[in-house]
1. Got a sec? Which of Gly134, Gly192, Gly165 is out of contact with any Ser or Thr (no Cβ under 7 Å at 6 or more places or on another chain) and more than 27 Å from Leu240 (Cα to Cα)?
2. Need the failing condition index for Leu242 against (1) under 30 Å from Val277 (Cα atoms); (2) in contact (Cβ under 8 Å) with a residue 24 or more places away in the chain, just the number.
3. Before we move on, is Val274 within 25 Å of Met365 (Cβ to Cβ), surrounded by fewer than 17 Cβ atoms within 10 Å (Cβ to Cβ) and hydrophobic (A, V, I, L, M, F, W, C)?
4. Could you list all residues from region 296-316 that are in contact with a helix residue (DSSP H, G or I) (Cβ under 6 Å, 6 or more places away or on another chain) and either under 14 Å from Val269 (Cβ atoms) or hydroxyl-bearing (Ser, Thr, Tyr) (or both)?
5. Go through region 390-419 and report how many residues are more than 26 Å from Pro332 (Cα to Cα) and either of a type in the set (Phe, Trp, Tyr) or in a strand (DSSP E or B) (or both).
6. Can you tell me how many residues within region 246-281 are basic (Lys, Arg), touching a Leu at 6+ places or on another chain (Cβ under 9 Å) and in a helix (DSSP H, G or I)?
7. Checking the structure you have, find out if any residue of region 202-213 is assigned to a helix (DSSP H, G or I) and free of Cβ contacts under 8 Å to residues at least 12 places away in the same chain.
8. Name the residue that is nearest to the chain's Cα centre (by Cα), counting only residues in region 176-196 that are of a type in the set (Gly, Ala, Ser) and modelled with pLDDT under 95.
Amino acid sequence: MAGAHPPAGEPGLSLTRVAARLTTPSVYLAVLGGLQLAVLWMLRAHLGTALPVIGSAGLLAMLALVALKRGSEWLRFWGVAALGAFTAIGPTLAAIIERPRIGLTMEHDGMLQVESAIDRVLGGQAIYGVDWSGTPMARLPWDLTSGGNPALHHMAYLPLTVLVGIPFRLLSGTLGLGFDYRIVLIAFALLGLFAIATLPVAAERRLMVLAAIYVSPLITLYLWSGRNDIEFLATVLLSLMLLSRGHAIPAAGALGVAVALKPFAWLAVPFLLVVLVMRLRAGRSRRELLGALAVLVITPIATIVPFFIANPPAFWSDVVLYTSGGVPDAYPIAGYGFGEILYQARLIAHRTDAFPFTAFQLAAMLPVLWWAGRAVARRPTAGRWMAGYAGVLLAFMFFGRFFNDNYVAVVITLFLCVLPLGAASLMPPRAAQAGRLAA
């Protein structure tokens, strides 16, 4: 019918046009910043009223600057960076300062376990195959399963998560201050800010990435309570920034650190390898490829192998079997993914039961990896790299044993970064230009 098409001159509904209107600095800042401030207001009993009041004023001021495009691009970027630092790091510092006075409130059990693990390492004691029932972590309530928190008998974190806290623990002891692991997380948050500020994209695009991570409760809400996702996220961003600037070997080293901090970062390795191979084909030396592969594995090997050798059964039980359902008191099936759907449908009787989630994860991940890897090979850009990584991570997490709220937040945040990262090339300049001409 004639009415099936819009009249000449009248724009039809376009998903691309809608996406373009929804992915602007003003929208990112208004929506994500509004959510951030709403959470700050809700937590004012813990964090005080000064933070949400000042943050609200800052958000309104930055919205005016960004929407009206007042001042230079760098002024707007660093203004939003200051707002992000205040609303992300400010509440974290407030929680650290208040902890000695009011005790544990919203602290995450994993943070408390890592703090105790740092003290054990400094005392020359083991951290895997250990009973944590006598630590502050045991004071936190647990009602997801019967028998208490299973993490009291397992240490699921990789060694580097503990090791990076040791210098901060020693410094705080030298200064006579109490140690709070969130100081370590703040350091990684600053590293992430640096990575975003030096991305080779337009300032407004950097502003959007900044808003997605630091002016948003998706990551910072969990930073305030001491969850350590910011560690691997900041180092992945650093790796991508270095790769987009042509520094392949340092980029591989940064990703190796991310891998040693959290297994989730392994899923970014295939996309790094695709880019390295494409750079080799574009004329880069084989030495770059070999050097990148060497620095990629050096940190995981140096930090994991000594702890594994010290007690292989304990390490394997804590890090692998506990999180995959291979022990009777495994990490419970929970969250917002496939495992919880099976449990609610009564297809799994108990949250601690074993189930072959790995088969479903592989079935979901491999097609995404194939499609996304080919897309990156055709045109290696930061946006495609991030989209591929976020897609594979979503498949892995959703079909995993647990898909916790902070994991959902990480995946959403990574997808929010895809369009702002855009077409920033991951190839040498001449090869990137040739690719654009060929397209």
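1. Values: Gly192 fails: more than 27 Å from Leu240 (Cα to Cα); Gly165 fails: more than 27 Å from Leu240 (Cα to Cα).
Sole residue among the options that is out of contact with any Ser or Thr (no Cβ under 7 Å at 6 or more places or on another chain) and more than 27 Å from Leu240 (Cα to Cα): Gly134.
2. (2)
3. On the way: within 25 Å of Met365 (Cβ to Cβ): yes; surrounded by fewer than 17 Cβ atoms within 10 Å (Cβ to Cβ): no; hydrophobic (A, V, I, L, M, F, W, C): yes.
Spelling it out, it is not the case that Val274 is within 25 Å of Met365 (Cβ to Cβ), surrounded by fewer than 17 Cβ atoms within 10 Å (Cβ to Cβ) and hydrophobic (A, V, I, L, M, F, W, C).
4. Answer for region 296-316, where residues must be in contact with a helix residue (DSSP H, G or I) (Cβ under 6 Å, 6 or more places away or on another chain) and either under 14 Å from Val269 (Cβ atoms) or hydroxyl-bearing (Ser, Thr, Tyr) (or both): Leu296, Thr299, Pro300, Thr303.
5. The initial filter retains those residues of region 390-419 that are more than 26 Å from Pro332 (Cα to Cα), namely 415-419.
This time we only want the ones that are either of a type in the set (Phe, Trp, Tyr) or in a strand (DSSP E or B) (or both), so: 415.
Here the count works out to 1.
6. Pass one, region 246-281, residues basic (Lys, Arg): 262, 279, 281.
Checking the rest, the ones that are also touching a Leu at 6+ places or on another chain (Cβ under 9 Å) come to 262, 279.
With in a helix (DSSP H, G or I) added as a condition, the list becomes 279.
Of the residues in that region, 1 qualify.
7. If we filter region 202-213 for residues that are assigned to a helix (DSSP H, G or I), which is where we start, we get 203-213.
Adding the requirement that they be free of Cβ contacts under 8 Å to residues at least 12 places away in the same chain leaves none.
Scanning region 202-213 turns up no residue that is assigned to a helix (DSSP H, G or I) and free of Cβ contacts under 8 Å to residues at least 12 places away in the same chain.
8. Gly178
The values are calculated or read from the model by the stated rules, or taken from the named source; none is laboratory data. Predicted model, so just to flag it, every value in this text is computed and none were measured. All Cβ positions, even for glycine, are placed from backbone atoms using ideal geometry, and neighbour counts span all protein chains on display.
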